[in-house]
Every structure is written in structure tokens, then in C-alpha cells.
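Q: Structure below; questions to follow.
Computed from the coordinates by the stated procedures, all read-outs in this text should not be read as laboratory data. In this text the structure is predicted, and so the values were computed from the model without any measurement. For neighbour counting, all protein chains shown are included, and Cβ atoms are generated from backbone atoms with ideal geometry for every residue, glycine included.
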Amino acid sequence: MASILISVFNILSRKRILKTLGVLLLCISFNLSYGQQSDVDPEQTDLQFRAPVIVDGYELFSVRGVSSYPAAARAKTVEARIRKVAASHTFSVDSLKKVVQPDHIQLLAGSTLLINIYNEDAEMENVSKDILATLVLAKIRQSIIKYRSERTPRYIQANFFKALGLIGILFLSIFLFILIFKRLNTLFQRRIKRRIENLENVSFKIIQSKQMLGILHFVYQLVRLLVIVFIVLFCVDKILSLFPQTRQSSSEIFSILISPLEKLGMGFINQLPSLVFLFVIFIITSYIIKLFRLLFTGIDLGDISIKEFDPEWAMPTFKIVKLLVIIFALVIAYPYIPGSGSSAFQGISVFLGVLFSLGSSSFIANIIAGYSMTYRRAFKKGDRIQVNEFMGFVLDQSLMVTRLRSVKNEEVVIPNSILLNSTIKNYSQAARERGIILHTSVGIGYETPWRLVEDMLREAAARTTGLLKDPPPYVFHKKLGDFAVEYEINGYCDNPEQMYFYYTDLHRNILDVFNENNVQIMTPAYEGDPAAPKVVPLTDMNLPLAKSNKPSSTGQPPRSSEST
């Protein structure tokens, strides 16, 4: 086994992580093997030198063995000799005899040796050698008589009809039990369900009726299955035990099926105090978590207010508290978990810990980043934000990722670790307080009076639906360029979901207003000196704004909502 594990380890060692796992598996396997060797009960070692002699499923007696001739091999040899004598009618039971030798007693069927009785065999039973030989001879005589009687045609025919009767009883029992369980299920649906629903109302929804009904239905199905399986096993065991050829197989099959259940039952009884303690811890932990859920749900809905505690923090804080409560409960319950002190349990725990530590760095980083973003209050669900080159509305924020819906109706999934290390623009937060500022720039030649340009830009902003009148729009002179002055119009907006439509309206209105006043936007690049200098005459420094009879805008874009 060790050589196989070492070969697997050599194959896995090509990669660093797999090499680490291979070493860990080797340590666990050797630790388990050492633990198994150290758990040998000295009182059970004597069973290796004893084996029962079984004929047709009946145990006659036990024999002792030595290292060179094990007890199991000696028992098989004696069984074969007894069956051979019993199957041959040339041997009479009256021919069975014992012959005393100097150091042992021979049991013979005529001249055929059946078994030798030694002093060591007698010491094993705490009787004399002669008494043991007499008792063994009586057992062999009785087994031969029974062996022959059970193989007579009359006996086989009678047991055949008994087997048919048991098969009929089996099908009838299964039918009756299915019918009884159907009636019980109807009664369950009629009475128990009503009481559980009343219990849910009394407990203020702490006890959920669906969960209780699901648990009770599972118990009902399990009990029905166990009863049917027990009936089938019982009838099959009785049928196989009717015939000598299948009697031993029946006991072996029944033992294979029942032994694990017996061990589980004994283990359950031995661990019952610990299981009761674990159940109590589970119930207490569940109710503590439900109480915290009620508290933080009330904070989230606004029914409960705590000073300087934002309602948006309620559910993330509940998840942290829930995790801490579960960890504390596990720490208390760990010593009472069945098998927690075994080397196998400890080895598996170490193995899972190594796997978690190797693969959880990014996982933990995203979780921490998710909680950090929540408590930083950078944004909330429904806000319009921009992260690097991504802009959209927040659809959902989980522990691992944040989902955005872009203005093009695309879903963008961003890991929280990226959000933590990036600059986030929140358009909705400022809009809720005072409004965000929409702005755009135009380049106008030096020959146009700046006061006229400002009036035109304010007029374009006034015509734009969605820009607030208070505070009023304002103009910046951003740059005196080589060929043009760069102006910037700024207007407040309290609905960032429609900002792109507002920009479209603003740009359309700027084009209309400047065309109405015969002012060219974006003066061409310099190619040569003009015939006349591009300056504003003194008489034109305060030109009034032209009145327009044209509509403010045509082809308005639809005001379809971009909100979540």
C-alpha cells in the first residue's frame, strides 16, 4: 500500500500544489495505519486461534488452531469430513467411536478420521479431554442424523409448501402495511398539518410549517421503508432457513445486513448523550439566529432605528453575526461530535484546511471587499455608478461580486476586490442630495462677444427638459485657445437615469440657439490671416439675444426609463 501511495505521490509532484496534497495524503494514510495498529484489543487476540465448526448452518463446536495450521482451516477440514460421512449412507451413526491415543483422542466413523481432540482443545473449554471428546462425538452424531433427515423427499416437500406460504404472507403483509400507511398519511394530512399551522401562528413564524411538514413527511417515508424492508428480510431469512442447502447462506446474508445496523444502533446508543447535547446546541443556535434575523430585519425595514447605524448595514451585519454564532456553536459542539477524537477525523480536517487555504485567497479577498464596500456606503442597489470603464445601475451586491446593468442593457459582473481598489463614481448619491451637474463644451471664435455666448448657452440650458431651474445653469470660460474660446455650460439634474437623454436635448438646443444667432461653433483651424481682423466691434459688445420663432427641438427622444 505504501509503495502505491509513493508512486502516486511521484506522479503528482510535477506541480507544487499537487505535491503538497500528495505529502499530506501520505501523512494521513500512515497516521491512520499507525492508529489502527495501536487500537488492537489484547483480549480479542485469542479469537484468531479459534473457529466454529458449522454444518448446514448449525454451529456444533469450536476448534483451536496454531500458526502453522490456523483454526479456520482446521474447522473447514472437520466440516468437510462430517459432511462426507453424513452424505454417505454406508456409514452408520453406530460406527462413530472414539479411540484413545497417548497424546490425543481420535473420533472415527468406522475407519474414517473425523477429528483429533488434544489437551489444548480441552483446556480451551476448561474440561478434561475425555469429556470434551464425548460431547463432540454426541454433537457429530446428532448433526449426521439431522443432515440425513433434512434431505429426505418428505422433508423437502413439506418445507417447499411452507416457503410458498411464507411468500404469500410476505406479499399480503406488504399490501396491508402499504394500505395502513396510506390511511396514516391521510390522518396525518388531516390533523397534524392543522396543528403545525396553528403552532406556526403561535410562534410568530419562528417555526415554519413547511419545514416541519417536510421533516415529518421524511420521517414517515423512512419508517414505512424500514418496516417493509424488515418484513422482506424476515420472510427471506425464514424461507432460506427451511432448506439445509441455503440455511448457512441465510444466516450469512442476514448477518451481513443486520451487523451494520446492529453496530450503528450500539454506536447510536453509546453516543446518545453526545447527540442529545448536539441537538440542544443546534436548537439554541437556531433560535438565537432567528432572534438576530428578526432584529436586523426590523432595522432593514425601518421599524427599529439605532443611532448612527445605517439600515443598509442591517443584512450584511446579520450575515456576520450569523457566521460568528455558528462558529461559536461549532467550537462548543466539536468535542461532542462522534469520531472527532479519531486520527481519521483529524486527518480529514487538516486536509480540508490545506485545500481551503490554497484556494481561498481570492475568495476571502472578495468577501472582505464586499463587506468593506457595504460599510463604506459607496453605493446601494439601484444607484448609477461608474467603475473604471464600466457604467451602469447596481442590480445586486453579494459577498463575492457586484452586478451592474449598463445603459446598453448589458449585465456586467465585477468582483468586489476590483471595486475595492478602483475609483467609483456614484451619480445617484449626489442627485439625491443636490443634483449632479451635466456639462458640455463648445469652441467659439474670438469675434463673438463672450456675453452673447453665455446668453446663448444659458438659453439652450433653459430649453432643455430635465435641467433644474434652481440652482440655475452657469458658464465657465475654460480655455483661451489658439483659434477659439472654449466655453462650458453646467446645469443641475436630479434624475441621473435620464442623463443621456438630457445631454441629447442640450446638444440639440445648443445647435439651434447658435444657428438662430448666426454664430459658428468650432472655428476652423488656422490657415492664414483673414482680410479683416476677427475682433468684436465696440458697438456689438452687448448685442441682445435673437428671438426665435422655431420650435425648441424636434424629434424628442422617448423618455423611456433607464432605472432598475
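Q: Can you tell me the length gained on complete extension of the stretch residue 422 to residue 389, counting 0.36 nm per residue apart and subtracting the Cα distance?
A: 10.8 nm
Q: Which trypsin sites (Lys or Arg not before Pro) does region 431-519 hold that lie in a coil by DSSP with at most 10 other beta carbons within 10 Å?
A: Filter output for region 431-519: 469.
Q: Can you list the HN-Hα couplings for region 485-490, worked out from phi with the Karplus curve (6.51, -1.76, 1.60; θ = phi - 60°), rounded to whole Hz and with x for Gly and Pro?
A: My calculation for region 485-490 gives 9, 9, 9, 10, 8, 10 Hz in order.
Q: Assuming R0 = 41 Å, what is the FRET efficiency of residue 334 and residue 259, from their Cβ-Cβ distance, to the nearest 0.05?
A: Efficiency, from the Cβ-Cβ distance: 0.85.
Q: Let's test the formula: R0 of 35 Å, r as the Cβ-Cβ distance of residue 229 and residue 149. What FRET efficiency results, to the nearest 0.05?
A: The calculated FRET efficiency here is 0.55.
Q: Residues with amide H under 5 Å of residue 96's amide H, sequence separation 5 or more or different chain, H placed in the peptide plane at 1.01 Å from N; which?
A: Amide H neighbours of residue 96: 110.
Q: OK, next. Using the Karplus curve 6.51 cos²θ - 1.76 cosθ + 1.60 with θ = phi - 60°, what ³J(HN,Hα) values do you get for each residue of region 380-385, in whole Hz, with x for Gly and Pro?
A: Per residue, the Karplus-derived 3J(HN,Hα) values read 9, 4, x, 6, 9, 10 Hz.
Q: Sticking with this one: 7 Å from Cα along Cα→Cβ at both residue 468 and residue 183: what's the point-to-point distance in nm?
A: For residue 468 paired with residue 183, the spin-label model returns 7.7 nm.
Q: Would you give the gap between the C-alpha center of region 278-296 and the C-alpha center of region 385-442, rounded to a whole Å?
A: So the two Cα centres are separated by 37 Å.
Q: Sticking with this one: Toward the positive end of the charge dipole of region 47-149, about the Cα centre and with charges on Cβ (Lys, Arg +1; Asp, Glu -1), which of 66, 116, 128 goes farthest?
A: The residue sitting most towards the positive pole is 116.
Q: Determine the gain in length on full extension of the stretch residue 69-residue 412; use 0.36 nm per residue of separation and subtract their C-alpha separation, reporting nm with one decimal.
A: 115.9 nm
Q: While we're here: Would you mind checking region 305-347 for residues with the amide N under 17 Å from a putative spin-label position 7 Å along Cα→C-beta of residue 277?
A: 328-342
Q: If I model a spin label at residue 124 and residue 218 as a point 7 Å from the Cα along the Cα→Cβ vector, what separation in nanometres do I get?
A: Here the answer is 4.9 nm between the modelled labels.
Q: Also, I was wondering about something else. Going by amide H atoms built from the backbone, whose H comes under 5 Å of the H on residue 63, apart from near neighbours?
A: Amide H neighbours of residue 63, under 5 Å, 5+ apart: 51, 53.
Q: Among 493, 464, 483, which residue has its Cα furthest toward the positive end of the charge dipole of region 456-499, with +1 on Lys/Arg Cβ and -1 on Asp/Glu Cβ?
A: 483
Q: Going by amide H atoms built from the backbone, whose H comes under 5 Å of the H on residue 114, apart from near neighbours?
A: 107, 108, 109
Q: Mind giving me the nanometre distance, one decimal, between the label points for residue 321 and residue 305, set 7 Å out from Cα along Cα→Cβ?
A: Label at residue 321, label at residue 305, 1.9 nm between them.
Q: For region 434-540, what mean projected area does the convex hull of the alpha carbons give, in nm²?
A: The number I arrive at for region 434-540 is 7.4 nm².
Q: Continuing with the same structure: Over region 275-337, what relative contact order in percent results from Cα pairs under 8 Å that are six or more residues apart?
A: Relative contact order of region 275-337: 46 percent.
Q: Name the residues of region 475-493 whose amide N is less than 13 Å from a point 7 angstrom out from the Cα of residue 521 along the C-beta direction?
A: 487-489
Q: What is the gain in length, in nm to one decimal, between residue 89 and residue 138 on full extension, counting 0.36 nm per residue of separation less the C-alpha to C-alpha distance?
A: In short, 15.8 nm is gained.
Q: Quickly rank 319-325, 491-497, 238-244, 471-477 as a protection proxy: mean count of other C-beta atoms within 10 Å, highest first.
A: 491-497, 238-244, 471-477, 319-325
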